[in-house]
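For reference, the structure discussed in these notes is given below.
FYI, it's all coordinate maths here, none of it is from the lab. Remember, it's a predicted structure, so these values are computed and weren't measured experimentally. A quick note on method: Cβ atoms are made from the backbone with ideal geometry, for glycine too, and the neighbour counts reach across all protein chains shown.
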Amino acid sequence: MMSPPPAELPAPSTSSAEPPDNWTFRVDALTKRFGALAANDCITLRVEPGEVYGLLGPNGAGKSTLVKQTIGLLKPTSGRITLGRFDLVADPDAARQLCSYLPQVQMPIDSFRVSEAIELAGRIRGGSAKDVRVRTASLIDALDLGEWKNALGHSLSGGVRRLVGFCMAIVRPGRVVILDEPTNDVDPLRRRLLWEEIRALGAHGCAVLLVTHNVLEAEKSVDRLAVIHKGRLVAEGTPSSMKAADRSQLRLQLMLTPGTTTPDLPPWAGPPVRVGNNLVTTIAETDASTAITWAAQMTNAGVAEEYALAAMTLEDAYIRLTSHMSEDGDDEGG
Ligand SMILES: Nc1ncnc2c1ncn2[C@@H]1O[C@H](COP(=O)(O)OP(=O)(O)O)[C@@H](O)[C@H]1O
Ligand SMILES: [Mg+2]
């Protein structure tokens, strides 16, 4: 099956003028404590209408905690969440009307057929029977779910359930669309279709707040993103501005021979990050030829099976921000 190319990314909104209707979504100094743990520690961010904003961070960083507070599932310890003139914490009814939400956990749709579940979600959100039917059919088409449209929820795979949950969340999108790990378990082809629908929500004027683990997809698909680590927002910007600090750097990757200890790195290499047998370090562009000579020696000596030297990715910036900090438990990575 041929898949259409990813939708073109619209330029992020750069206008500083307030829109006539102010629908900016704002989180201000948000803190949520569970006993001694600050699951969210003074987080401030904003998402403009039409913007797709990614929230990245390792497991336990506090991403789901943040999004649950935006729709009244958890009460903040302190701080504010507003959408234009609406205080979403003080007015959870408004929050639920104005925000659409795909939770990280799967929806209980066992005894519903796929198209029924989506239409029902649209009717609950106040859509007319006809509008909801038309929109459901077009979502089922757009995400290539036709073969399951009459299937019962309990018979669906995790990925298809995820996509159905996504359709339920966006059949009648609110001003803010909050998606907690929407691409989990979804196959690569439909993941691409899903990202196109997410971009379409932005084009439609929704502010999209999207939690994801998938840094590479986020790099291609979000206008701005934030990295959250241990409850704190440690970096924020466009995907390319997040990489700016790495501009004159290259990533050197060694696939270590299984069982070898991490080799001592030469002084021109940055701190190593090892995941399994994959060792990544950063080097200055000017050290490229020295690095290749060294990496080839490592390979000849049997320490590594292969090596690669490449441009830095958003994932490298992300790993630098989050792994650096988990070692010393402080915020100097931000
Ligand atoms: N209801 C709760 N009670 C106590 N601790 C919680 C609760 N919910 C989340 N936490 C803790 O808060 C931290 C952040 O969790 P969460 O927001 O789910 O992280 P993420 O979605 O980024 O993986 C974790 O340490 C988690 O164990
Ligand atoms: Mg989560």
TODO: Please list, in chain and number order, the residues 5+ apart from Gly50 or on another chain whose amide H is under 5 Å from its amide H, with Hs placed from the backbone.
DONE: Gly205, Cys206, Ala207, Val208
- [ ] Have a look at Leu252, Leu102, Leu209 and tell me which one the Gaussian network model of the chain (Cα, springs below 10 Å) gives the largest fluctuation.
- [x] Leu252
Task: Under Karplus coefficients 6.51, -1.76 and 1.60, residue-wise ³J(HN,Hα) of segment 49-66 in Hz, glycine/proline x - done: x, x, 9, 9, 10, x, 10, 10, x, x, 3, x, 5, x, 5, 5, 4, 4
TODO: Can you tell me the dipole magnitude for the chain around its Cα centre, using point charges on the Cβ only (Lys, Arg +1; Asp, Glu -1), in Debye to the nearest 20?
DONE: 1200
- [ ] On a 0 to 90° scale, report how tilted helix 288-300 is relative to the longest principal axis of the chain, with both axes built from alpha carbons and the result rounded to the nearest 10.
- [x] 80
Open item on the list: Tell me the angle of helix 158-170 to the major Cα principal axis of the chain, expressed in degrees between 0 and 90 and rounded to the nearest ten.
Closed with: 50
Open item on the list: For segment 206-334, report the % of Cα-Cα distances exceeding 26 Å.
Closed with: 28
Open item on the list: Once each part is reduced to its C-alpha centroid, what is the distance from segment 209-248 to segment 152-207 in angstrom?
Closed with: 20
Open item on the list: Looking at the chain only, what percent of DSSP beta bridges run antiparallel? Nearest 5 please.
Closed with: 65
Task: Top of Leu250, Leu83, Leu37 by mean-square fluctuation, Gaussian network on the chain, Cα under 10 Å - done: Leu37
Open item on the list: If packing is taken as the average count of other Cβ atoms within 10 Å, what order do 50-60, 288-298, 307-317 fall into, highest mean first?
Closed with: 50-60, 307-317, 288-298
Task: Vicinal HN-Hα couplings computed from phi for segment 180-186 (Karplus, 6.51 cos²θ - 1.76 cosθ + 1.60; Hz; Gly/Pro x) - done: 9, 6, x, 8, 3, 6, 8
- [ ] Could you state the angle between the C-alpha long axis of helix 114-124 and the longest principal axis of the C-alpha atoms of the chain, as a value from 0 to 90 degrees rounded to the nearest 10?
- [x] 70
Task: Using θ = phi - 60° and Karplus 6.51 cos²θ - 1.76 cosθ + 1.60, couplings along segment 30-45 (whole Hz; Gly, Pro as x) - done: 7, 10, 10, 9, 10, x, 7, 7, 8, 5, 10, 10, 6, 8, 10, 7
Task: nm² value of the averaged projected area, convex hull over the Cα atoms of segment 248-311 - done: 3.8
Open item on the list: Need one number: convex hull volume per residue for segment 37-183, Cα atoms only, in Å³.
Closed with: 126
- [ ] Count the lysine pairs in the chain whose Cα atoms sit under 20 Å apart, keeping only pairs 8 or more residues apart in sequence or on different chains.
- [x] 10
Open item on the list: Test of understanding: in a Gaussian network model of the chain with alpha carbons linked when under 10 Å, which of Gly202, Gly231, Gly159 would top the mean-square fluctuation ranking?
Closed with: Gly159
Task: Long-range HN-HN contacts of Gly79 with modeled amide H, under 5 Å - done: Thr31
Task: Largest-first principal axis extents, alpha carbons of the chain, Å - done: 69, 47, 41
- [ ] Could you list which residues have their amide H under 5 Å from that of Leu55, counting only those 5 or more apart in sequence or on another chain, with H placed in the peptide plane?
- [x] Leu210, Val211, Thr212, Ala226
